[in-house]
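Accompanying notes for the structure given below.
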Amino acid sequence: TENDVITAYFNGLPVLLTLNGSSLGTSDNFARLSGGFKYQLPVSENTQWVIGGIGSTLAPFEETENQNLDMQLNVAYQVFKGNQRWTIGANTGYVWLDQEDYLQQHGVFAGWRSVINEGNLIDLAGYWKQYRYEETGLSVNDFDQAFVAARLIHRVPGKSLIASAGLIAGIENSKNGRADGDSTFYSANVGLQGDSRFADVSYINFSLKRTDYDQVNALFNTEREDTQFDVTAGMTWELENALSLTGELRLSNVNSNIDIYSYDRLVTALTLRKDFD
């Protein structure tokens with residue numbers, strides 16, 4: 001929050017708290033550098049291993065305590081049968097916060113994809129993941145997360161335009177009694193992608209997410225409720241030597257009934273991609 005005075009509750013009675021500088025919302029610019037890979041290893045005519053990884057580092061210009069390093073690795077086994085693809089896999093990762101403390105992320109996932117007809121494709125997937133903080137002071141926020149996702153991809157007849165729509169539903173189980181307790185969340189998203197006169201490919205995606213927590217936060221005397229709205233728009237230009245350049249704009253708005261969890265974020269990004277045979 002940008003307000004230096006907030007209302008809290010002690011023994012059920014409202015009091016005004018004055019926040020110090022480290023607890024206030026601040027504005028800062030930052031730079032992120034990321035890179036990744038994806039490797040497909042055929043096992044037989046209908047099966048393959050897929051190994052992928054991504055790493056990124058974020059460096060704020062002023063609030064340097066918020067810098068982080070993120071490393072993720074995914075391994076999956078895929079089976080193809082007719083117009084269907086079955087996937088099972090695992091992922092692991094670490095996020096170093098301020099180059100010292102870290103967050104561990106480990107999980108498994110399974111998915112099914114089917115080409116319904118020439119213009120429609122459906123994806124179904126399930127995920128389970130655990131999040132663990134190394135620092136004792138942060139470990140109160142440890143949780144396990146499970147969710148299912150469904151997505152329909154539709155090619156608009158007669159046009160080089162692809163539309164998509166998706167739904168996500170999930171739960172988070174707190175492991176160490178975090179202040180807001182467990183949560184359930186739901187998300188819906190829609191998107192469009194196609195040719196444009198400005199770039200080889202242009203796209204825009206909209207997402208709306210609702211999260212409800214089941215425990216009254218003793219400090220604010222209410223159950224936390226968050227609503228998040230995201231817009232992502234970008235353009236991709238195909239270059240020579242299997243290179244592509246993507247410019248992207250991302251806007252996020254999180255509105256919570258507890259002010260300290262509300263924020264706005266705007267990100268501009270350039271991504272250079274190289275494909276290998």
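The values are calculated or read from the model by the stated rules, or taken from the named source; none is laboratory data. Computed from a prediction, not measured in an experiment: that's the story for all the values here. Positions of Cβ are generated from backbone atoms using ideal geometry, with glycine treated the same way; all protein chains shown enter the neighbour counts. What goes into the accessible areas is simple: the full protein's heavy atoms, side chains included, and nothing from ligands, DNA or RNA. Shrake-Rupley method; radii C 1.70, N 1.55, O 1.52, S 1.80 Å.
Structure values in brief
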read-out: The range 60-71 - phi-based ³J(HN,Hα) in whole Hz, Karplus 6.51/-1.76/1.60, Gly and Pro as x; value: x, 6, 10, 7, 5, 5, 9, 6, 8, 10, 10, 10
read-out: Karplus-derived 3J(HN,Hα), 6.51/-1.76/1.60, for each residue of the range 154-171, Hz, glycine and proline x; value: 10, 8, 5, x, x, 9, 8, 9, 10, 10, 9, 9, x, 9, 9, 9, x, 9
read-out: Sites residue 9 and residue 165, calculated FRET efficiency, Cβ-Cβ separation with R0 41 Å, nearest 0.05; value: 0.50
read-out: Residue 176 long-range amide H proximity, modeled H, under 5 Å; value: 142
read-out: Accessible heavy-atom area order of 210, 85, 224, highest first, probe of 1.4 Å; value: 210, 85, 224
read-out: Bins of 5 Å from zero: percent of alpha-carbon pairs in the range 162-277; value: 2, 10, 15, 16, 15, 12, 10, 8, 6, 4, 2, 0
read-out: For residue 224, residues with placed amide H under 5 Å, excluding near neighbours; value: 213, 215, 217
read-out: Enclosed volume per residue, in Å³, of the convex hull spanned by Cα atoms of the range 99-212; value: 139
read-out: Table column - 3J(HN,Hα) (Hz), the range 267-277, Karplus curve with 6.51, -1.76, 1.60, x for Gly and Pro; value: 10, 10, 9, 10, 10, 9, 10, 10, 9, 10, 6
read-out: Candidate residues 129, 159: accessible-area rank, largest first, probe 1.4 Å; value: 159, 129
read-out: Gyration tensor verdict on the range 35-91 (Cα atoms; rounded if a/c is under 1.5, prolate if a/b is larger than b/c, oblate otherwise); value: prolate
read-out: Computed accessible area, residue 267, all protein chains, 1.4 angstrom probe, square angstrom; value: 30
read-out: Surface share of carbon and sulfur [accessible, 1.4 angstrom probe, percent] for the range 170-249; value: 54
read-out: √(5λ) per eigenvalue of the Cα gyration tensor, the range 185-229, largest first, Å; value: 39, 9, 4
read-out: Binned Cα-Cα distances of the range 207-247, short to long, each 10 Å bin given as a whole percent; value: 21, 24, 18, 15, 14, 7
read-out: Residue 86 - accessible surface, heavy atoms, 1.4 Å probe, Å² rounded to 10; value: 130
read-out: Computed over the range 31-179, Kirkwood Rh from alpha-carbon pairs, angstrom; value: 18.0
read-out: Distance histogram in 10 Å bins (all Cα pairs of the range 68-150, percent per bin); value: 16, 36, 26, 15, 7, 0
read-out: Accessible area of residue 140 in the full protein assembly, 1.4 Å probe (Å², nearest 10); value: 60
read-out: Sequence ranges 161-170, 117-126, ranked by mean other-Cβ count within 10 angstrom, highest first; value: 161-170, 117-126
read-out: 37 °C / 0.692 mPa s Stokes-Einstein diffusion coefficient of the chain, Kirkwood radius on C-alpha pairs, µm²/s; value: 151
read-out: Base-10 log of normalised Debye intensity for the range 13-117 (one unit scatterer per alpha-carbon) at q = 0.13, 0.15, 0.20 Å⁻¹; value: -0.69, -0.79, -1.04
